[in-house]
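Quick notes on the structure that follows.
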Amino acid sequence: MKFVIIHKKYIILVLLILVIFSIFICNGYIYFISSNSFALSTDEFEKTIFQDKISNLFNQKEKIAYLTFDDGPTLKSTPKILDILSEENVKATFFVIGKHVKEYPELVKRAYDEGHYIANHSYTHNNDKLYTNADSFINEILSTDIEISKAIGIENYHSYIFRFPNGYMASSYKSRKKEYVKLLPSIGYTYIDWNTLNKDSEKKYSNVELLNNLKDSSKNKGTLVILMHDTSDVNDTHLVLKDSIKYLKEQGYVFKNFYDLKIAK
């Protein structure tokens, strides 16, 4: 009888050890699963926060200026603008057209290497093609990403920011824009227009007029998203860029680009 009693004690002890070990293993597994789930959700969370920041820029009171250049790159204008930005130590954002990226990848590479944000402005800038159907709209954006990836040597580059040709606010193709803007989150994108411009693509202006257009459209505003173009199709914005930067600095503006939103807490 004595032997049997001792044997039962050992059995109970072993069972207790097994139960404790099982609890430890289960808790470890649950922690592992929850930790990985949190990592995935954190990535999505940060992307959402970034997109929210983009969407709310116009409501900010801080005197921050985001210089943006559309429709490039071009040989005539982009290198001159990059030279000036380098001299002034200003980082900008370039909304590039995919077909031009394919033509001049070295300019996109230079802009990226110098710390400028490369954003998406469609592949053709042709509204008829862009709005043919939903597949065409998505393809124009993703094809541009592919060309940017090739140009800068970064696999699967994704800018997260799209600017509609002529802007979302423009009246042309308004119903299609309202329909297709809903597709942007499905490919990890948001869009942004602008709240300040020098009207360099509208008609021929003198350099003084271009600067005055900028002054007028930035008046009494906090954060500025400034539309300019690096094409020289209508006006040579690079000729007034230094004076524009000087004026904004005198008004107390600090220049940033969209990288600052991605890393800001």
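The values are calculated or read from the model by the stated rules, or taken from the named source; none is laboratory data. These numbers were taken from a predicted model, which means no experiment stands behind them. Don't worry about glycine lacking a Cβ; one is built from the backbone with ideal geometry, like all the others, and counts go over all protein chains shown. What goes into the accessible areas is simple: the full protein's heavy atoms, side chains included, and nothing from ligands, DNA or RNA. Shrake-Rupley method; radii C 1.70, N 1.55, O 1.52, S 1.80 Å.
Observations
- Residue-span extension gain [Asn139 to Leu239] - 0.36 nm each, minus C-alpha spacing: 32.5 nm
- Heavy atoms of Glu209 accessible to a 1.4 Å probe, total area in Å² rounded to 10: 90
- Cα gyration tensor shape for the range 144-242, rounded if a/c is under 1.5, else prolate or oblate: prolate
- Contour minus Cα-Cα distance for Ser171 and Lys246 (0.36 nm per residue): 23.7 nm
- Chymotrypsin sites (Phe, Trp or Tyr not before Pro) restricted to DSSP loop in the range 151-228 with at most 14 other C-beta within 10 Å: none
- Counting only residues at least eight positions apart within a chain, or on another chain, the lysines with an alpha carbon under 25 Å from that of Lys109 are Lys47, Lys76, Lys80, Lys91, Lys99, Lys150, Lys242, Lys256, Lys262.
- Qualifying chymotrypsin sites (Phe, Trp or Tyr not before Pro) for the range 80-132 [loop in DSSP, other Cβ within 10 Å: at most 10]: none
- Partners of Lys204 within straight-line reach, counting aspartates and glutamates whose Cα lies under 13 Å from its Cα and excluding those fewer than 8 residues away in the same chain: Asp233, Asp236.
- Carbon plus sulfur fraction of accessible area for the range 103-241, probe 1.4 Å, in percent: 48
- Volume per residue that the Cα convex hull of the range 86-173 spans, once the total is divided by residue count, Å³: 98
- Shape call, the range 50-106: gyration tensor on alpha carbons, a/c limit 1.5: oblate
- Placing +1 on each Lys and Arg Cβ and -1 on each Asp and Glu Cβ, with no other charges, gives the range 115-237 a dipole about its Cα centre of roughly 500 debye.
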